[in-house]
1. Per 0.36 nm of contour for each residue apart, how much would the distance between residue A:59 and residue A:4 grow if the chain were fully extended, relative to their Cα-Cα spacing?
2. Using a 1.4 Å probe on protein heavy atoms only, how many Å² of accessible area do A and B hide from each other, summed over both chains and rounded to 100?
3. Using R₀ = 22 Å, calculate the FRET efficiency as 1/(1 + (r/R₀)^6) where r is the Cβ-Cβ separation of residue A:260 and residue B:129; round to 0.05.
4. Can you compute the FRET efficiency between residue A:47 and residue A:175 using 1/(1 + (r/R0)^6), with r the Cβ-Cβ distance and R0 = 45 Å? Round to the nearest 0.05.
5. I'd like the FRET efficiency for residue B:137 and residue A:28, computed as 1/(1 + (r/R0)^6) with the beta carbon distance as r and R0 of 41 Å, rounded to 0.05.
6. Please list A:3-11, A:113-121, A:129-137 highest first by mean number of surrounding beta-carbon atoms within 10 Å per residue.
7. How many partner chain Cβ atoms sit within 10 Å of a residue's Cβ in peptide B:135-141, on average, as a whole number?
8. Hey, rough spin-label estimate for residue A:155 and residue A:197, points 7 angstrom out along Cα→Cβ, what's it come to in nanometres?
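The values are calculated or read from the model by the stated rules, or taken from the named source; none is laboratory data. As the structure is a prediction and not an experimental result, all values here were calculated from the model. Every residue, glycine as well, gets a Cβ built from its backbone with ideal geometry; the counts of neighbours run over all protein chains shown. Side chains included, ligands, DNA and RNA excluded: accessible areas come from the protein's heavy atoms. Shrake-Rupley method; radii C 1.70, N 1.55, O 1.52, S 1.80 Å.
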Amino acid sequence: MEYSFAFSAIGTDWTVETAAALVPAVRTEILELVADYDAVYSRFRPDSGVARLAAAGGRLDLPDHGAALGRLYSTLYELSDGAVSPLVGDVLADQGYDAAYSLTPKSPTAPARPWDRDSLRWEGNVLTAPRPITVDVGAAGKGQLVDLVASVLDRFGVQYYLVDASGDMRHRGRRPLTVALEHPYDPTRAIGLVPLSEGALCASASNRRAWADGLHHVVDARTGCCVQTVVATWVLAPDAMTADALATALFLMEPEHLASTFDFGYVQVFSDGHARFSTALDGALFPP
Amino acid sequence: MNQRQVPPLRTCCTVSVPHQVMTALAAASLLGSAGCAGPGGVAGSNSPDKTAASSSDPVTASAPDSGVTVKKYADGEYTQVGGYVSPGGNEEIGITLTVKDDVVTAVSTEPMPSNPTAKLYQERFSGGIQDQIVGVRLDDLAVEKVAGSSLTSGGFAQAAEKIKSEARK
């Protein structure tokens with residue numbers, strides 16, 4: 001696509017590629033959307049909605065799309081026996097992935113608080129926390145924002161587009177987009193190619209934002225430990241929120257436990273170099 | 001793709017800290033090139049605390065087609081055994097890189113699963129399993145986008161530099 005609109009949002013670089021130039025109104029709306037999203041969910045700014053919840057607890061009214069995010073987290077929390085949880089925020093912060101980016105673990109790893117009525121109520125688009133609690137939507141938030149940007153483009157009648165949030169992407173095109181799957185240990189190489197026609201492809205890798213020895217941002221809420229056996233995942237799904245969340249979930253649980261609930265394709269790469277993939281991605285990896 | 005077995009010239013020290021696993025793989029990446037991962041044994045010892053001594057001098061004879069440029073890295077196989085802590089306990093992994101004319105021509109890893117979880121992951125299930133991922137240089141591919149997460153950790157880059165300097169002649 002010939003036209004590219006680039007911006008930074010929620011801590012990463014974004015590009016929106018389209019066949020025709022975006023009118024200023026579309027660009028403005030996208031920038032307002034991502035700024036609003038950041039103002040609610042960013043753990044890294046003291047004035048955000050989730051920062052207020054972390055400081056004092058209480059009630060936080062999310063935008064309308066917060067309800068879908070809550071439903072997805074709730075489903076995954078159940079399917080993963082609590083491994084995928086919006087309450088890993090305190091674990092991440094304790095390990096140094098905090099608002100100050102101290103990158104220094106503060107305490108031994110501890111499990112996240114169980115997600116129940118006493119810790120966090122997520123009803124529709126309203127969050128209620130009896131006590132201060134850190135909510136982290138990192139597993140699915142970026143994907144949801146990709147979808148929300150795409151829906152702005154849909155609303156303005158933009159026919160073909162690619163929304164790319166540094167590797168998490170949603171595409172609607174005349175023909176499939178060829179996407180390389182980045183080698184987990186070598187950004188100059190790819191381990192396979194995926195044709196992305198319509199829908200989303202999201203990646204997650206344990207080396208992203210790696211910090212300290214063996215600590216990284218995919219945390220099992222049940223143990224507080226980081227996940228080391230899976231090193232990279234990719235998920236194809238109709239929407240980016242689902243693809244993003246499942247890419248994280250596949251670090252923590254078996255794909256077959258997700259298969260009855262979600263429609264998706266996946267690749268998992270393990271620390272010993274072997275890979276698992278679903279039939280939808282059969283042939284995507286380069287053969288040995 | 002160079003499939004020739006290069007005799008082990010040097011065995012890097014074996015270690016048991018997490019970043020060393022990453023380091024060995026990073027060396028594969030930063031030395032560059034299409035890795036042709038094939039089956040291959042780990043030349044070094046699996047014992048985490050044992051340091052293997054350097055063996056012979058590096059082979060310096062150039063390959064017939066290598067031209068006149070000076071090589072930065074000694075040809076040979078480099079092996080490391082690394083350990084890491086997974087949620088299921090300690091695991092080890094052996095990694096062997098073959099360097100030829102400043103290019104990594106082969107990468108092989110040997111899992112040494114010591115706990116049931118790691119073994120479980122090796123069981124087959126519907127879909128498919130590939131024993132080894134294979135990297136192809138992005139420069140050699142016609143792609144429009146890349147999905148992944150480029151390495152950003154400064155510590156990782158530093159560790160990789162150390163391995164590069166070890167292989168440097």
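1. Working: separation 55, 0.36 × 55 = 19.80 nm, distance 3.89 nm.
Stretched out fully, the residue A:59 to residue A:4 stretch lengthens by 15.9 nm.
2. Values: alone 13220 and 10590 Å², together 19260 Å².
Approximately 4500 Å² gets buried when A meets B.
3. That pair, residue A:260 with residue B:129, gives E of 0.55.
4. 0.55
5. Taking R0 as 41 Å, the efficiency between residue B:137 and residue A:28 is 0.55.
6. Highest-to-lowest ranking by the protection proxy: A:129-137, A:113-121, A:3-11.
7. Across the residues of B:135-141, the mean count of other-chain Cβ atoms within 10 Å is 6.
8. Distance between the two pseudo-spin positions: 2.9 nm.
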